[in-house]
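Step one of this worksheet: look at the structure below.
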Amino acid sequence: MIHHFLRTRHFIPTRHVPKIEDADFDFFYKEGKRLLLIDIDNTLIPYDKTHPDEKLQALFEDLKRIGFEIVLVSNNGKSRIQPFAEALGIPAVWHAKKPLKCGFKKALRMKVSRFEKHQVLVIGDQIMTDVFGARRTGLDVCLVHPLKRRSEKWYTKINRAIEKKMLKKIAKKYPDMYFKLDLDER
């Protein structure tokens, strides 16, 4: 029902890849992206995990080597997010209240360097929070598939049901974009 009142274009990601490891970060950097705002739950780790593994730590070292600055942005609480962020040596925003703009804006203010919106890329797994919030804030977003849906919280499952309806609306209103981004694979 709520999806009928919202602008469909705000739910269309800039990019869509199966996993964060599949993203072409060298391309993003060449494209001018310098700051990554990355969701944690079901983007980097499933809800039932708490710390980054060696593979994830290596990915973040590669991202830093490429030249990206990174801020983790999550709706989850401090007790979950802070230890994860500290393990990676990266700043984080918890209780970000996505899809509201305030969490994204706070993440942008955390960096000493000032970034233009076209230099920022958000990476997340939810259309209703990550994509919608990023697009409303004027940021590009790369949507990834959720890592483990079985471990999701009840409120995320509600978002997924609304997401399905929004994907149908995108397919109907913007079929070229829907198939170009492989949103049919969600």
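For the subset of the stretch 59-90 comprising residues that are among the basic types (K, R) and closer than 20 Å to P46 by Cβ, which member is surrounded by the most Cβ atoms within 10 Å (Cβ to Cβ)?
Restricting attention to the stretch 59-90, the residues satisfying the condition of being among the basic types (K, R) are 64-65, 78, 80.
Within this subset, residues satisfying the condition of being closer than 20 Å to P46 by Cβ are 78, 80.
Numbers: K78: 12, R80: 16.
Of everything passing the filter in the stretch 59-90, R80 is surrounded by the most Cβ atoms within 10 Å (Cβ to Cβ).
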Fill in: Residues that are out of contact with any His (no Cβ under 9 Å at 6 or more places or on another chain), in a loop (DSSP other than H, G, I, E, B) and not charged (D, E, K, R), drawn from the stretch 17-33
A23
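How many of the residues in the stretch 80-128 are assigned to a loop (DSSP other than H, G, I, E, B), among the aliphatic types (A, V, I, L, M) and farther than 30 Å from K169 by Cα? Before the answer, list the steps.
As a first pass, look at the stretch 80-128 and keep what is assigned to a loop (DSSP other than H, G, I, E, B): 89-91, 94-101, 111-116, 125-126.
With among the aliphatic types (A, V, I, L, M) added as a condition, the list becomes 90, 96, 100, 112.
Then drop every residue that is not farther than 30 Å from K169 by Cα, which leaves 90, 112.
Residues in the stretch 80-128 being assigned to a loop (DSSP other than H, G, I, E, B), among the aliphatic types (A, V, I, L, M) and farther than 30 Å from K169 by Cα: 2 in total.
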Worksheet entry | Subset of the stretch 148-186 (residues that are in a loop (DSSP other than H, G, I, E, B) and surrounded by fewer than 19 Cβ atoms within 10 Å (Cβ to Cβ)) | K148, K153, Y174, D182, R186
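Whether any residue in the stretch 44-52 is charged (D, E, K, R), farther than 25 Å from K105 by Cα and modelled with pLDDT under 95 is what I want to check.
So in the stretch 44-52, the residues charged (D, E, K, R) come out as 48-49.
Next cut, farther than 25 Å from K105 by Cα only: 48-49.
Those left that are additionally modelled with pLDDT under 95: 48-49.
Taking every residue of the stretch 44-52 in turn, at least one turns out to be charged (D, E, K, R), farther than 25 Å from K105 by Cα and modelled with pLDDT under 95.
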Practice prompt. List every residue pair whose Cβ atoms sit under 6 Å apart, with the two residues 6 or more apart in sequence or on different chains, where the first one lies in the stretch 43-61 and is within 19 Å of N76 (Cα to Cα) and the second, anywhere, is basic (K, R).
Written response: P46/K148
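Could we say that G138 is closer than 12 Å to T14 by Cα, at pLDDT 95 or above and exposed (fewer than 15 other Cβ atoms within 10 Å of the Cβ) here?
yes
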Worksheet item: So is V93 surrounded by 15 or more Cβ atoms within 10 Å (Cβ to Cβ), touching a Ser or Thr at 6+ places or on another chain (Cβ under 9 Å) and not small (G, A, S) or not?
Response: yes
Worksheet, complete the sentence: Sole miss for I170 among (1) farther than 18 Å from T129 by Cα; (2) in contact with a Phe, Trp or Tyr (Cβ under 8 Å, 6 or more places away or on another chain) is condition (1)
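So which of T156, T137 is β-branched (V, I, T) and without any contact (Cβ under 8 Å) to a residue 60 or more places away in the chain?
Details: T156 fails: without any contact (Cβ under 8 Å) to a residue 60 or more places away in the chain.
One residue alone meets the criteria, T137.
Criterion first (closer than 28 Å to E31 by Cβ and free of Cβ contacts under 8 Å to residues at least 12 places away in the same chain) does D176 satisfy it? Full working, then the answer.
On the way: closer than 28 Å to E31 by Cβ: yes; free of Cβ contacts under 8 Å to residues at least 12 places away in the same chain: yes.
So D176 passes the test.
The values are calculated or read from the model by the stated rules, or taken from the named source; none is laboratory data. For clarity, every value in this text was computed on a predicted model and none was experimentally measured. Please note: Cβ atoms are built from the backbone with ideal geometry, for glycine as well, and neighbour counts cover all protein chains shown.
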